Amino acid sequence: MTPKKKYLCELFLKTSKLSNSIKSMIEFNFGLLKTGHSESINDCFEEVKKEYNINEYNNRAVSVIDKYFSEEDLDNLIKFFLSPLGQKMSNMSINKDLNMLLKKMIEEAEEQLKEYEKKYSKKRNKKKESYT
């Protein structure tokens with residue numbers, strides 16, 4: 001990849017605001033990962049989190065973008081995202097609202113699973129009691 005194309009890939013990530021959306025998703029998903037593990041790994045968890053940050057994502061994303069877009073494509077995409085319509089499309093408020101919607105849905109699903117777990121636990125306990 002030429003230095004110019006690498007620059008265009010990085011500029012595309014910035015102007016499209018994909019980096020900002022991904023940063024929010026990284027934070028959210030690491031929050032989920034953390035709750036799925038015991039507190040004894042908190043120190044290790046923070047070390048791993050440092051390695052998998054938005055800068056690392058952007059470094060890896062450049063090679064993916066390179067596969068799909070030519071320099072001309074990237075020029076056109078960058079111009080689009082700098083236009084009023086492109087700005088509207090990449091508006092952080094929309095992305096933030098969509099991320100919050102996803103978070104809410106996952107929280108609701110988690111609550112529903114807890115309710116099912118309680119019901120299942122009660123049924124299992126009743127079966128045990130009937131055998132004794």
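Summing Lys and Arg as +1 and Asp and Glu as -1 over all other residues whose Cβ lies under 11 Å from the Cβ of G86 gives a net charge of +3.
Rounded to the nearest 0.05, what FRET efficiency do D97 and N55 give with R0 = 30 Å and r taken as the Cβ-Cβ distance? Could you check? Mind dumping the intermediate values first?
On the way: r = 26 Å, r/R0 = 0.85.
E between D97 and N55, to the nearest 0.05, is 0.70.
Taking 0.36 nm per residue of sequence separation and removing the Cα-Cα distance, the K104/E27 pair yields an extension gain of 26.2 nm. The order of the peptides 69-79, 8-18 by mean Cβ neighbours within 10 Å, most packed first, is 8-18, 69-79. Extending each Cα 7 Å along its Cβ direction at E72 and M1, get the distance between those two points in nm, one decimal. Calculated label separation equals 2.1 nm.
All of the numbers you see were taken from the coordinates with simple rules; none came from a lab. Owing to the predicted nature of the structure, the values given are computational and were not obtained by experimental measurement. FYI the Cβ positions are ideal-geometry reconstructions off the backbone, even for glycines, and counts take in every protein chain you see.
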